[in-house]
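Remarks on the structure that follows.
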Amino acid sequence: MLRLILLQLSAGQGPDECCLAVAKALQRLQDEAEQSRVATDILEQEPGDKAGTYRSILISLEGEAEAELAQQWEGTLQWTCASPYRPRHLRKNWFIGVSRCAMPANALASEIRYETLRASGPGGQHVNKTESAVRATHVATGLSVRVQTERSQHANKRLAACLLAHKLAMRQATGMAALRSERRMQHYQIERGSPKRVFAGERFQAVMP
């Protein structure tokens, strides 16, 4: 059975250029996934301050080459490019992080309540008439996610469990105050870590690190 992998692309506390790097990395990742016949879905996104940029993106990978693709992206990414927002700025190296999210433990299945729903579509177009959409609730905490895709109800349940595992891991790791501190430290570590991959220029071309 194919395994689902969740990757989070994050600018940490980096400036607008790092948020732009997340957007460029996302497009590059999706292109490589398509070439490898790995399906992708954007599950969550936090926009940056500039149009078309992202503070963070949560994306799923599913396909026979998903593990190899994820391994190629996990770690620190470096983008070398003059700032498109601050032409006179001397800095030319921008860093973002890509991390694999926690997968649900077997025990988590017994802690989730599932509800099946009819999928909805904009303007009534392409509405799924079967109950393939899923709402999953972690009974103990009340955390809830809704998943609606073109895939089966079984696939939606599996994705919902992964999302809940990710949210529970984030919640367990830190409270909100500690999370802000952790994100600052994450960006500190991102900038000072050895980059896994390096990209250059506005076209985000891959180069050797």
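The values are calculated or read from the model by the stated rules, or taken from the named source; none is laboratory data. This structure is a prediction, so every number in the text was calculated from the model and none was measured. Glycine gets a Cβ as well: all are built from the backbone with ideal geometry, and neighbour counts include every protein chain shown. Just so you know, the surface numbers come from the protein's heavy atoms only, side chains and all, with ligands and any DNA or RNA stripped out. Shrake-Rupley method; radii C 1.70, N 1.55, O 1.52, S 1.80 Å.
Filtering 44, 66 for residues that are among the charged types (D, E, K, R), open to solvent by less than 70 Å² (accessible area, probe 1.4 Å) and under 15 Å from residue 163 (Cβ atoms) leaves a single hit, 44. Scanning region 2-41 for residues that are in a loop (DSSP other than H, G, I, E, B) and over 14 Å from the mean Cα position of the chain (by Cα) returns 2, 3, 13, 14, 15, 36, 37, 38. Residues in region 139-170 that are assigned to a helix (DSSP H, G or I) and at pLDDT below 75: 1 in all. The condition of being closer than 23 Å to residue 160 by Cβ and open to solvent by 20 Å² or more (accessible area, probe 1.4 Å) does not hold for residue 51. With respect to the conditions (1) free of Cβ contacts under 8 Å to residues at least 40 places away in the same chain; (2) farther than 25 Å from residue 160 by Cβ; (3) open to solvent by less than 60 Å² (accessible area, probe 1.4 Å), residue 38 lacks only one, and its number is (2). Kindly indicate whether residue 85 is under 23 Å from residue 167 (Cα atoms), aromatic (Phe, Trp, Tyr) and touching a residue at least 12 places away in the same chain (Cβ under 8 Å). Judged against the criteria, residue 85 is not a match. Checked against (1) at pLDDT below 65; (2) crowded, with 17+ Cβ neighbours inside 10 Å; (3) over 29 Å from residue 81 (Cβ atoms), residue 136 passes all but condition (1).
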